[in-house]
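The values are calculated or read from the model by the stated rules, or taken from the named source; none is laboratory data. It should be emphasised that the depicted structure is a prediction, and the values quoted were computed from it without experimental measurement. Using ideal geometry, Cβ is built from the backbone for each residue, glycine included, and neighbour counts are taken over all protein chains shown. All accessible areas refer to the heavy atoms of the entire protein, side chains included, with ligands and DNA or RNA removed. Shrake-Rupley method; radii C 1.70, N 1.55, O 1.52, S 1.80 Å.
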Amino acid sequence: MIRLGRIAYLNMAPVFFGLDAEVEEVVGVPTELNRALLVGDVDLAPISSIAWARNADRLLVLPRLCVSSDGAAGSIQLVSRLELEDIRTIAVTPESATSVVLAHILVPDAEHVSLGEAADATLLIGDAALRSAFEDPTPHHDLGRLWTSRTGLPMVFALWACADMHPPGVAELEEALVASVRLSREHPERLAGEAAARYGYPAGFLARYFERLRYSFGAREREGLEAFLELAKDAGELDAVPALR
């Protein structure tokens with residue numbers, strides 16, 4: 001049975017909505033799943049884009065799936081009362097890899113400190129970012145929106161990847177994941193209702209959130225990924241931009 005990584009956030013709800021496959025789910029935050037995939041504790045997982053790029057020689061990318069947004073993502077938030085150009089310190093979540101690099105690219109003059117330390121801004125991702133955007137009146141800067149405003153391209157936060165020596169059935173599992181996303185798009189009210197019952201947010205709020213997210217790894221997403229990695233290299237976060245395998 002394939003050990004399938006699942007990010008422990010709401011953004012995975014469409015991918016697992018109607019998944020018709022026998023798998024062993026391994027749940028964790030992005031940085032945990034990055035490590036699990038690289039050490040062989042899972043067979044297939046959504047891996048942070050920057051973590052894939054730093055280990056591309058060891059991984060194969062599924063060609064049809066990603067986690068991205070074309071504009072506001074909803075769950076990647078820089079929380080601050082200051083304008084971006086005035087931010088000098090950012091407290092960053094330990095759960096993210098890609099978003100930390102994206103914050104470095106978008107706010108290059110800011111020093112990063114650990115979450116919980118005093119800072120001009122706080123970087124939150126996933127359900128913590130959603131909850132903050134829903135409850136906290138402090139201004140929130142959506143990094144997906146800022147990225148697309150700057151580049152005109154989608155922001156690819158994660159790719160689905162497996163090791164070179166992967167177990168049989170990965171291609172069939174990819175097809176099942178794609179089919180699950182397709183089913184979730186065909187039944188958005190059911191998706192939002194089930195997620196609302198499980199996570200406690202209003203269904204309308206979740207429906208708008210799920211509409212923002214993209215899971216197909218198409219030509220524009222690949223262009224956006226390459227642009228992100230080029231800027232990550234320029235920022236000293238990546239030695240070289242790898243080719244997709």
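Between Ser48, Pro108, Leu84, the Cα set farthest toward the positive side of the dipole of the range 35-142 (charges on each charged residue's Cβ, about the Cα centre) is that of Ser48. Which stretch or stretches of the range 48-80 have amide N atoms under 20 Å from the point lying 7 Å from Ala179's Cα along the Cα→Cβ direction? Counting backbone N atoms under 20 Å from the label point, the list is 62-66.
Amide H contacts of His141 (H built 1.01 Å from N, in plane; Pro and chain starts excluded): Leu78, Val79, Ser80 sit under 5 Å, all sequence-distant by 5 or more or on other chains. Percent of C-alpha pairs per 5 Å bin in the range 109-245, short distances first: 2, 7, 12, 16, 18, 18, 15, 9, 4, 0.
Report the full-extension gain for the segment Ser149 to Ser114: residue separation times 0.36 nm, less the Cα-Cα distance, to one decimal in nm. Walk me through the numbers before you get to the answer.
On the way: separation 35, 0.36 × 35 = 12.60 nm, distance 2.75 nm.
Extra length available between Ser149 and Ser114 comes to 9.8 nm.
Across the range 11-26, rounded Karplus estimates of 3J(HN,Hα) from the backbone phi angles (6.51 cos²θ - 1.76 cosθ + 1.60, θ = phi - 60°) give 5, 8, 4, x, 6, 9, 4, x, 5, 9, 7, 8, 9, 9, 6, 10 Hz, Gly and Pro being marked x. With one equal scatterer per alpha carbon and no solvent term, the Debye-computed log10 I(q)/I(0) for the chain at 0.11, 0.14, 0.17 1/Å reads -0.55, -0.91, -1.35.
Keeping every protein chain in place, order Phe205, Phe217 by accessible area at 1.4 Å, biggest value first, i.e. largest first. Working shown, then result.
Numbers: Phe205 40, Phe217 10 Å².
Most to least solvent-accessible, the answer reads Phe205, Phe217.
Using a probe radius of 1.4 angstrom, the carbon and sulfur fraction of the accessible surface of the range 103-245 is 51%. Simple spin-label estimate for Arg245 and Glu172 gives 2.5 nm between the two label positions (7 Å along the Cα-to-Cβ direction from each Cα).
For Thr93, the amide hydrogen comes within under 5 Å of the amide hydrogens of Leu123, counting only partners 5 or more places away or on other chains and with H modelled in the peptide plane.
Between amide H atoms placed 1.01 Å from N, distances below 5 Å from Ile47 occur with Leu159, Trp160, Ala161, all of them 5 or more places distant or on a separate chain. Just to confirm, what accessible area per residue do you get for the range 80-154 at 1.4 Å probe, in whole Å²? Accessible area per residue, the range 80-154: 46 Å².
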